[in-house]
Amino acid sequence: MAENNRAVIKLKERFAADIVDIKEFRGEVTVTVKKENIVDICSFLKTALAFNLLTDVTAVDYLGQEPRFMMVYNLYSIPNKDRLRIKAQVSESCCSIDTVYKVWSTAEWLEREVYDLFGITFNSHPDLRRILMTDDWAGHPLRKDYPLQGPDREPYKGRLS
């Protein structure tokens, strides 16, 4: 059914070489694309297919796999009442991807959160700095290899109740 989705059809026509995978689960369509063309793909989705709202940007850490990270962009088309999820693989050795800030300005804050918590950098981002953790915080707390008690912290020894 995902193959019949209007956005999938248009993406396949325009960016066939950049599509890695297409899946549908419980009515939600996910298109995995190569990270090298993420800005052009997102610009096309916004201008040609009216995905005018970037609802969220996040990442997933697949520790032990390569590529280690998956960027996730959740999109919504207000005029068409349509949702689409775009994913892009990011390797640990080259832990960066181009910013989509110029496509959707809300990406500025959302990408800062991903940078802060996962350590993925966004090329050409206008203000890439921590947003949740303090500037001197060591590491990125949502990485699966991050210490559960935080950096240089002893396990809690007090009473839990």
**OP:** With a point put 7 Å past each Cα toward its Cβ, work out how far residue 66 is from residue 123 in nm, to one decimal.
**Re:** 2.0
**OP:** Quick one: angle between helix 38-47 and the longest Cα principal axis of the chain, in degrees between 0 and 90, rounded to 10, please.
**Re:** 50
Subject >> Principal semi-axes in Å for segment 61-138 [√(5λ), Cα gyration tensor, largest first] >> reply: 23, 17, 11
**OP:** Assuming R0 = 25 Å, can you tell me the calculated FRET efficiency for the pair residue 4 and residue 81, based on Cβ-Cβ distance, to the nearest 0.05?
**Re:** 0.90
**OP:** Go ahead and set up a Gaussian network model of the chain, Cα springs under 10 Å, then flag whichever of 55, 30, 121 fluctuates most.
**Re:** 55
Original post:
With every protein chain left in place, what is the accessible area per residue of the chain in square angstrom, probe 1.4 Å?
Top reply: 59
Subject >> Whole-Å semi-axes of the ellipsoid equivalent to segment 2-74 (Cα gyration tensor, √5λ, descending) >> reply: 20, 14, 13
**OP:** Between 64, 139, 119, find the one with the highest GNM mean-square fluctuation for the chain; connect C-alpha pairs within less than 10 Å.
**Re:** 64
Original post:
If we restrict to alpha carbons, what Rg and Dmax does segment 11-161 come to, in Å?
Top reply: 17.2, 60
Subject >> Carbon plus sulfur fraction of accessible area for the chain, probe 1.4 Å, in percent >> reply: 50
**OP:** Could you list the chymotrypsin sites (Phe, Trp or Tyr not before Pro) in segment 31-95 that lie in coil according to DSSP, counting only those with at most 15 other Cβ atoms within 10 Å of their Cβ?
**Re:** 62
Original post:
What's the local net charge at residue 112, with K and R +1, D and E -1, over the other residues with C-beta under 10 Å away?
Top reply: -3
Original post:
Between residue 98 and residues 5 or more places away or on another chain, which pairs have amide H atoms under 5 Å apart, with H built 1.01 Å from N, and which residues are they?
Top reply: 123
Original post:
Within the chain, what's the longest stretch lacking trypsin sites (Lys or Arg not before Pro) that sit in DSSP loops with no more than 11 other Cβ atoms inside 10 Å?
Top reply: 27-80
**OP:** Pick out which of 124, 105, 93 has the largest mean-square fluctuation in a Gaussian network model of the chain, springs linking Cα atoms closer than 10 Å.
**Re:** 93
**OP:** Beyond 23 Å between alpha-carbons counts as too far, so tell me which of 34/81; 12/35; 46/144; 35/102; 10/46 fall in that bin.
**Re:** 34/81; 46/144
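The values are calculated or read from the model by the stated rules, or taken from the named source; none is laboratory data. From a predicted model like this one, the values you see are computed outputs, not experimental measurements. Using ideal geometry, Cβ is built from the backbone for each residue, glycine included, and neighbour counts are taken over all protein chains shown. Just so you know, the surface numbers come from the protein's heavy atoms only, side chains and all, with ligands and any DNA or RNA stripped out. Shrake-Rupley method; radii C 1.70, N 1.55, O 1.52, S 1.80 Å.
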